[in-house]
Every structure is written in structure tokens, then in C-alpha cells.
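Inspection log for the structure reproduced underneath, given as C-alpha cells.
Read-outs: derived from the displayed coordinates by stated rules, not from any lab. Remember, it's a predicted structure, so these values are computed and weren't measured experimentally. Neighbour counts are summed over all protein chains in view; Cβ atoms, including those assigned to glycine, are modelled from backbone coordinates with ideal geometry.
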Amino acid sequence: MNTSTAESLPLGTTAHYATMHKWLQRALLVCLTVLVLEASFTLPGLLIWFGWPTLSLVQVCDELMKVRYSDDNAQCLVPQPLFIASEGQAYKKSAQDDWGIQPRPRYKRIGYRDLVRFRDERLAREAAAAQHRGQLVPASADTTPAEPASPTH
């Protein structure tokens, strides 16, 4: 073994495995770089998929909770208080999942910007219900006086 070759090798590497270590190091560097890039684009990609420019981050979280737990009253706690049960404990009974060792969700898959559509449909239902309730109240109160006629000059 040549002493100059042995001195230039990293600690713990023999001359026999030097080439393999060099290619492993390159492969690991590429894998770690790809992993960092993938992780940095995952959250923005998911937010755009769920409807981020239209919905705020809290609204996206709220809509995901509503879909996940099949409850229109589910909301994210922002900021999450310390030392309390998780958000899901309150809505676990309303979820339509098959609970067990391996729970199976029974909610629909969420497609591109479906949360925006779900929110718009829910708001339309709530507005229709409020309008329906608003029409029923004055119709049942026939004794309510009409607006006084404005005096004409």
C-alpha cells in the first residue's frame, strides 16, 4: 500500500473501498437534496390543491376538519392550546369512519380545490336555511303592522 494514497483517504476508508465510498457519498448527497426539495414543495403544493388562494390557512384547516369528521361545526383551534385533548376527540363520534386497530375513513377523496366547492355549497345551504327561516317568521306573525305610509307633500 502506498503511504501517500493512504494519507489522502478519509478516516476509516481503505483503498479497496475508496471508489465505492465516493459514489455512495454522491448518491446520498443527491438523495438528501431531492428529499429537502420535495419537502419544501409539499406544503405549498397541498395548500394550492386544497384551495389556498381562495381560502386562508385556517379556513383550509377548518374545511379539512369538516370533511374528516362529517360535522359542519368542526373547527381548528388556532393556536392549539397546550395540555388539552386533541381536536379530533371532540368530533370522533360524528366521524363516519370504521374505528378499530386500523381505522378506515369513509369520507370522499378530496380533489383539486374541492374544499372551496364544499365551503360554497355549505354557505349556500346555510343562506337558504336562514332565508327560509326568515320567510317563515313574518308569515306566521300576521298581526305585525305594515310600514306606515310616508306623508306626501
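Within region 51-135, all pairs of alpha-carbon atoms sorted by distance into 5 Å bins from zero give the percentages 3, 13, 19, 21, 19, 15, 7, 3, 1, 0.
For the pair residue 94 and residue 128, a Förster radius of 25 Å applied to the C-beta separation gives a FRET efficiency near 0.65, rounded to the nearest 0.05. Over region 1-142, the ratio between the Cα radius of gyration and 2.2 N^0.38 Å evaluates to 1.90.
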